[in-house]
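One structure is given below, encoded as structure tokens.
The values are calculated or read from the model by the stated rules, or taken from the named source; none is laboratory data. Note that this is a predicted model, so its numbers are computed, not measured. A quick note on method: Cβ atoms are made from the backbone with ideal geometry, for glycine too, and the neighbour counts reach across all protein chains shown.
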């Protein structure tokens, strides 16, 4: 099996990890030294626990948040994932009171892997902007 194929299989398991908030699986899939920057923390977050701290933060505002892989492309040590993210705004989010509004948006992330097949970086192409648009907090610029 090629690294690209292995990494795509890892991403399917990663989808399960973030949808179940499974710390054991996160630590298996994400390198402990992997650094993640996030709006929720002024400090860098590390490893599976750091990554899932962002997921936990999201679950406080969107208890039914769910990520689904729409498509993937992989090459060597990287995988591009096109996600659908959906849920309900049923908790406070960045000082915005719960609206009860259901949302669904698509976003793309790029994941990088080490030689052992563990995730070492996650770069969001759109990130939380897609969520802000879905909640009506901002509009996309018209091109």
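Brief remarks on what is shown
- From 73, 80, residue being in a strand (DSSP E or B), farther than 21 Å from residue 103 by Cα and free of Cβ contacts under 8 Å to residues at least 24 places away in the same chain: 73
- Residues satisfying the stated conditions in region 1-38, i.e. outside any helix (DSSP H, G or I) and either over 13 Å from the mean Cα position of the chain (by Cα) or more than 24 Å from residue 94 (Cβ to Cβ) (or both): 1, 2, 22, 30, 31, 32, 33, 34, 35
- Among the residues examined, residue 40 does not qualify as within 27 Å of residue 134 (Cβ to Cβ) and touching a strand residue (DSSP E or B) at 6+ places or on another chain (Cβ under 7 Å).
- Enumeration of residues in region 51-66 that are part of a loop (DSSP other than H, G, I, E, B) and surrounded by 17 or more Cβ atoms within 10 Å (Cβ to Cβ): 62, 65
- Residue within region 40-50 that is within 20 Å of residue 103 (Cβ to Cβ) and surrounded by 16 or more Cβ atoms within 10 Å (Cβ to Cβ) present: no
- Any chance residue 86 is assigned to a loop (DSSP other than H, G, I, E, B), farther than 15 Å from residue 39 by Cβ and modelled with pLDDT of 95 or more: no
- Within region 91-98, the presence of a residue that is closer than 18 Å to residue 115 by Cα and either without any contact (Cβ under 8 Å) to a residue 12 or more places away in the chain or outside any strand (DSSP E or B) (or both) is excluded.
- Unmet requirement for residue 141, which otherwise passes all of (1) modelled with pLDDT under 95; (2) more than 24 Å from residue 4 (Cα to Cα); (3) touching a helix residue (DSSP H, G or I) at 6+ places or on another chain (Cβ under 6 Å): (3)
- Being surrounded by 17 or more Cβ atoms within 10 Å (Cβ to Cβ), at pLDDT 95 or above and over 14 Å from residue 117 (Cα atoms) is a property that does not hold for residue 30.
- Only residues that are touching a strand residue (DSSP E or B) at 6+ places or on another chain (Cβ under 7 Å), assigned to a loop (DSSP other than H, G, I, E, B) and surrounded by fewer than 18 Cβ atoms within 10 Å (Cβ to Cβ) were counted in region 107-125, giving 2.
- Residues satisfying the stated conditions in region 39-50, i.e. without any contact (Cβ under 8 Å) to a residue 40 or more places away in the chain, farther than 24 Å from residue 116 by Cβ and outside any strand (DSSP E or B): 40
- Among (1) buried (at least 16 other Cβ atoms within 10 Å of the Cβ); (2) closer than 18 Å to residue 123 by Cβ, the one test that residue 25 misses: (2)
- Search result, residues across region 73-101 that are out of contact with any strand residue (DSSP E or B) (no Cβ under 8 Å at 6 or more places or on another chain) and closer than 27 Å to residue 7 by Cα: 75, 76
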